[in-house]
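First comes the structure, then the notes that go with it.
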Amino acid sequence: MKKILTLIPFLFILFCSCDTLNQVAQTTIQQNGNPTTLDINNGLKQALELATGKSSDQLSAVNGFFGNAAVKILFPPEAQKVEKTLRSIGLGKLADNVILSLNRAAEDAAVQAKPIFVSAIKQMTLTDVTNILLGNQDAATQYFKRTTTLQLSAKFKPVVQTSLNKVGATKYYTDAATAYNRVPFVTKVNTDISDYVTQKAIDGLFVEIAQEELNIRQNLGARTTPLLQKVFGYYDKNKKQ
């Protein structure tokens, strides 16, 4: 019974929010009419440029990865025993340096993402645009995963490698792995970290894009232009049907 009572306020807010979106959608369509095919094409592309640009800018800033718990890069799963052992023998500072340097490398790489997304957006067909607009809540994110992951990896990896060397991550991680490998009877670990950081940087980018996509689909305040309001009002109306 207590659980049901706890859920009531949440459900009330959820239903009110949905009703508000629906009412605004109806008002927008009544005032401006249904968006044309050109409106939908331009409006969605505008939204995606804003979302991907914001995600890239946020993650490429200092602490974009390191200060964001959702995407912060930690030791690789197979090397977490390295971190645990280092901290247990008084080398916690070395472990901290590794983690900071991995995230700094990802932040450097994220700068490369924006032009890749802009290119992918320009190449979208009308079918792509319509399917994204009226698709699942993460339809745009999934589209970018399909169409940009290989390019992102190719662009990110050399930047990551350079940055790992620049900020000392290669040295820190090699030192950490070497120190761990000296511990008697442990299974030796690989000291190459660049592939792992590249993939985690790309994963983090898609986490941010998914959040931005959900925001613009659900948050009226994120629709900052008349075109976005018109196109996503149409989306609000059609997702109810």
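The values are calculated or read from the model by the stated rules, or taken from the named source; none is laboratory data. None of these values were measured; they are calculated from a predicted model. Because the Cβ atoms are built from the backbone with ideal geometry, glycine has one as well, and the counts that use them run over all protein chains shown.
Tabulated results
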{"item": "Some residue of the stretch 158-169 being within 18 Å of the chain's Cα centre (by Cα), buried (at least 19 other Cβ atoms within 10 Å of the Cβ) and closer than 30 Å to Leu44 by Cβ", "result": "no"}
{"item": "Leading residue by the ranking (nearest to Thr36 (Cα to Cα)) among those in the stretch 106-150 that are over 14 Å from the mean Cα position of the chain (by Cα) and charged (D, E, K, R)", "result": "Asp128"}
{"item": "Sole exception among (1) modelled with pLDDT of 95 or more; (2) touching a Leu at 6+ places or on another chain (Cβ under 8 Å) for Val129, by number", "result": "(1)"}
{"item": "Residue satisfying condition, being assigned to a loop (DSSP other than H, G, I, E, B), touching a Ser or Thr at 6+ places or on another chain (Cβ under 6 Å) and either modelled with pLDDT under 85 or farther than 17 Å from Leu86 by Cα (or both), within set Thr191, Thr187", "result": "Thr191"}
{"item": "Conditions (1) within 18 Å of Phe65 (Cβ to Cβ); (2) among the β-branched types (Val, Ile, Thr); (3) at pLDDT 95 or above: number failed by Thr148", "result": "(1)"}
{"item": "Selected residue (criterion: surrounded by the most Cβ atoms within 10 Å (Cβ to Cβ)) from residues of the stretch 17-65 that are at pLDDT 85 or above and part of a loop (DSSP other than H, G, I, E, B)", "result": "Phe65"}
{"item": "Residue selected from the stretch 70-87 under the condition under 18 Å from Ala109 (Cα atoms) and aliphatic (A, V, I, L, M), by the criterion surrounded by the fewest Cβ atoms within 10 Å (Cβ to Cβ)", "result": "Ala70"}
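Conditions tested, residue by residue: (1) closer than 26 Å to Ser60 by Cβ; (2) under 17 Å from the mean Cα position of the chain (by Cα); (3) surrounded by 15 or more Cβ atoms within 10 Å (Cβ to Cβ).
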site	(1), (2), (3)
Tyr196	yes, yes, yes
Asn219	yes, no, no
Gly233	no, no, yes
Lys237	no, no, yes
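Matching residues to (1) part of a helix (DSSP H, G or I); (2) aliphatic (A, V, I, L, M):
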residue	(1), (2)
Gly135	no, no
Tyr143	yes, no
Thr148	yes, no
Gln151	yes, no
Ala154	yes, yes
Val159	yes, yes
Ser163	yes, no
Thr174	yes, no
